[in-house]
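Take a look at the structure set out below.
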Amino acid sequence: MKLFVYDTPELTPTGKTPDCAIAVDVLRATSTIATVLASGGEAVQAFSDLDQLIEVSEKWPAEKRLRAGERGGAKVAGFELGNSPLDCTPELVQGRRLFISTTNGTRALQRIQDSPTVLAAALINRAAVVQYILEKQPETVWIVGSGWEGSFSLEDTACAGAIAHSIVEQSQLSLEELAGNDEVISAIALYSQWQNDLLGLFHQASHGKRLLRLECDEDLKYCAQTDILDVLPMQQEPGVL
Ligand code: 3SL
């Protein structure tokens, strides 16, 4: 097995696919997706375009759908939800499909959607994703951070490092054997430095600061937890997990 970390969708190679691709948007799209599925949501369908989301979701029975839209960290007017995982309670999402569009996370998912296996990972479901990788042993694994509008995000690369760190710890292989690019080593180093204070890392991160300005402190606390949800968001058809 070879692991590759790509810090943004833009840095992710085109024209080829890995055996397994993992999208990461800790703040907050993949944390929200994991929470919806762990809370009994029927599925999550991701869109980069808001108009397309509205058009497709219109065809779904109203009582079986929820629409979540975020731009710049804020809820999109007219949508039931923004992108706070804390809003995705079992009472609200049970049996319903979440149609979601966010600034960066849904773009990352779209970037890797042609891979044979596509997963969504956050810190809160890291263990479930690692367990799957250790069981299936895909030959190539890409971990793709969402970043922010094309640039690096501290929290996504730290989560990529958390996943890679756990795979190295639990597999029979060394880091040297597993690392497919330098970014894997760098991501593990970042995670190792902050693993006991991931909330502190979020407070240093530019998107963490953006969310704090929007009074999303509780979201940051929730998303900074590790391995609390035993859920594996896996793509069933392009864009649907
Ligand atoms: O960029 C994204 O996809 C979002 O997750 C950003 S936010 O955390 O909802 O602001």
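So, of the residues in the stretch 201-241 that are hydroxyl-bearing (Ser, Thr, Tyr) and within 15 Å of the ligand (Cβ to nearest atom), which turns out to be nearest to residue 36 (Cα to Cα)?
Among those residues, the one meeting the criterion is 222.
Considering the stretch 167-197 alone, what residues qualify as being among the polar types (S, T, N, Q) and farther than 13 Å from residue 7 by Cα?
170, 171, 172, 174, 192, 193, 195, 196, listed by residue number.
Just checking, which of 62, 77 is within 16 Å of the ligand (Cβ to nearest atom) and surrounded by fewer than 14 Cβ atoms within 10 Å (Cβ to Cβ)? Before the answer, list the steps.
On the way: 62 fails: within 16 Å of the ligand (Cβ to nearest atom).
Unique residue meeting the criteria: 77.
Out of the stretch 80-106, which residues are more than 8 Å from the ligand (Cβ to nearest atom), part of a helix (DSSP H, G or I) and within 18 Å of the chain's Cα centre (by Cα)?
Within the stretch 80-106, 85, 86, 87 meet the criteria.
So, in the stretch 217-241, how many residues would count as being touching a helix residue (DSSP H, G or I) at 6+ places or on another chain (Cβ under 9 Å) and outside any helix (DSSP H, G or I)?
Number of matching residues: 15.
Every number here is computed from the coordinates shown, using simple stated rules; none is lab data. Since the model is a prediction, treat every value here as computed from it, not as a measurement. We place every Cβ from the backbone using ideal geometry, glycine too, and count neighbours over all the protein chains shown.
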